[in-house]
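Input: a single structure, listed below in C-alpha cells.
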Amino acid sequence: MKKDNGKKPISKIEVIRFLVGLAIIGYAVIAFIMMLIAKDALALFIFAFTSTPYGFSVIFACIIGFYFIFTSKIRWKIDVLMAILAVASIIITTTIVIPEITPNDISGSNPVLVTVLNESNTPVTNLEVDVGAKPGPPPVGGVATTDENGTAHFNLKAGKYYIYFNGDNFPEEYRQPNQFETIEVTDGKITKKTIILE
C-alpha cells in the first residue's frame, strides 16, 4: 500500500493553464526585446512604465500570463475575459512595436535635395539628415549625409515626409529645430528644401 505524501497530483488543466501563461509571458518578453532594439534603454524604461500602448500592452500581457500560471481552478467568465484581453494585448503590441523596428522602404526615383545652412549661410557639412513618414527610426532610403555644399541627396517615393536629425550625432554648436520641417515629394519633380540651423 502506497503512502500518501500529501501532494495533490497535477491535473491536465493545470498543465494547460501553465503552458498558456508561459506562452503569453514569452511573447511579452520577445516584444520587450523588440522594443529594446527599436529604442534606447532610457526611452524603453519610460515607455514600459507609462500608459503608452508600448509598455502597457507588454506589462498587461505579463500579468495575464501569471494569472494563468498561478491559478488552477477554472473560472469560465474570468478566464475567457483574460484570454480576450491577452489577444488584444498581443494585437496592440504586434501592430505598434513591429513597424518601429521594421520601417518601410521609401526609396524611389524622385530626387530630393535637403540643404542645411547655418545663420551665416555657410553649409553644414557631414551632417546626418533623416526623412520619414513620421519622426523616429529612419526608414530605408531615409538617411543621407550633407556634402560640401551642405546638401543631403535622397531618391524617394512620392508622398509627404518629415525632415529631422539624429540627436546622437548632432553637432553641439547648433541647436536642433523645435519643429519638424515637412516636404511634399511629387513624381517626376525635383524637391528642394533649405533648413537654417541656429
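Readers should treat all values here as calculations from the given coordinates under stated rules, not as data from a laboratory. Nothing here was measured: the structure is a model prediction, and the numbers come from that model. As a convention, Cβ positions derive from the backbone with ideal geometry for all residues, glycine included, and neighbour counts pool all protein chains shown.
How high is the FRET efficiency from Asp168 to Leu113, r the C-beta distance, R0 22 Å, rounded to 0.05?
Once the sixth-power term is evaluated, E becomes 0.35.
Using 0.36 nm times the number of residues separating Asn104 and Asn126, minus their current alpha carbon distance, what extension gain do you get?
5.4 nm
Can you say what percent of the DSSP beta bridges in segment 56-198, counting only those with both residues inside, are antiparallel? Round to 5.
The antiparallel proportion sits near 70 percent.
What is the order of Asp79, Asp187, fewest Cβ neighbours within 10 Å to most?
Exposure proxy ranking, most exposed first: Asp187, Asp79.
Would you mind computing, in nm to one decimal, how far apart the modelled labels at Thr145 and Thr71 are, each placed 7 Å from Cα along Cα→Cβ?
5.6 nm
How large is Rg over Rh for segment 59-198, taking Rg from the Cα atoms and Rh as the Kirkwood inverse mean of 1/r across Cα pairs?
When Rh is taken as the Kirkwood radius, the ratio is 1.25.
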